[in-house]
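Everything on this sheet refers to the single structure shown next.
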Amino acid sequence: EIHSLLDKIRDKNLILLEQNKELLMVQEELHNANQKLKQMSITDELTNCYNRRYMLGHMTNEIAVAFRYKIPFSIMILDIDNFKLINDTYGHLVGDDVLRSVVSTVKKNLRRSDIMSRFGGEEFIIYAPHTDRIGALSLAEKIRGAVENHSTRISQFCLNVTLSIGLISINDWSVEDRPLEKTLEDLLTKADKALYRAKANGRNCVVSADQIEKA
């Protein structure tokens, strides 16, 4: 009877071990699924950049820290020149490939601390922490040149595109007390105006917001 009981206990323990293994596997699958869902919620599906919603939240937090500790930072808005013409000429699937190719080229020229997001259509934003105006202009020119010199090969097509870049750098902390969302909105507006000036200057160039203010 004792041997029989021991056998039953051993069998139940084996069943419990198998059930625990299955439970751990299910927990791991759930964890991986949750991580994937989290990544999907903050990522642009086409380009694998961060999406607009995530970027706005991230920059709001980063700017709060930067203003508190007086850390310089820069924001760049990138726009692919004449992108509508690519879509109209070659189709949207080719346009999607061009977007992915441009993003890949830009990312290769970013530093580990820089963050890039798709802001809409063919427009992207880069947040560059610990970066003053000189550093931002240097980085922006590096990105612009890399994209200009890169060809996107798509079946029988070999396409070259260029970027217009508007940027704003902050290392002046004499800013009135106001909500961070409003501060970010104003910074993006100024960077956007610099981008439009780059477009007006013939595209494929970099313009800093302070250049407009001095003009």
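The values are calculated or read from the model by the stated rules, or taken from the named source; none is laboratory data. Everything numeric here is computed off the predicted structure, so don't read it as measured data. All Cβ positions, even for glycine, are placed from backbone atoms using ideal geometry, and neighbour counts span all protein chains on display. Protein only, heavy atoms only, side chains kept; ligands, DNA and RNA dropped before computing areas. Shrake-Rupley method; radii C 1.70, N 1.55, O 1.52, S 1.80 Å.
Details
- Rounded to 10°, Cα long-axis angle of helix 133-148 versus longest principal axis of the chain: 80
- Probe 1.4 Å, accessible area per residue of the stretch 93-215, Å²: 52
- Cα long-axis angle, helix 92-108 against the chain (0 to 90 degrees, to the nearest 10): 90
- Surface exposure of the stretch 25-77, expressed per residue as accessible area with a 1.4 Å probe, stands at 67 Å².
- Across the options 13, 46, 26, the greatest Cα extent toward the positive end of the charge dipole of the stretch 1-52 (unit charges at beta carbon of Lys, Arg, Asp, Glu) belongs to 46.
- Dipole of the stretch 94-151 computed with +1 at Lys/Arg Cβ and -1 at Asp/Glu Cβ about the Cα centre; of 131, 145, 119, farthest Cα towards the positive end is 131.
- Acute angle (nearest 10 degrees) that the helix 180-200 long axis makes with the longest principal axis of the chain, alpha-carbon atoms: 50
- Residue 22 sits among other residues whose Cβ lies under 14 Å from its own Cβ, and their net charge, with Lys and Arg +1 and Asp and Glu -1, is -2.
- Residue range of the chain that is longest and free of GluC sites (Glu not before Pro) which are both DSSP loop and sparsely packed (at most 15 other C-beta within 10 Å): 46-175
- Restricting the calculation to Cα atoms, every distinct pair contributes to the Kirkwood radius of the stretch 68-143, found to be 13.5 Å.
- Note on the chain: with neighbouring protein chains present and a 1.4 Å probe, carbon and sulfur make up 52 percent of its accessible heavy-atom surface.
- Short to long, the 10 Å bins of the Cα pair-distance histogram for the stretch 72-211 hold 12, 43, 31, 11, 3, 0 percent of all pairs.
- Cross-linked pairs 84/193; 12/36; 142/193; 70/193: Cα-Cα separations exceed 32 Å for 12/36.
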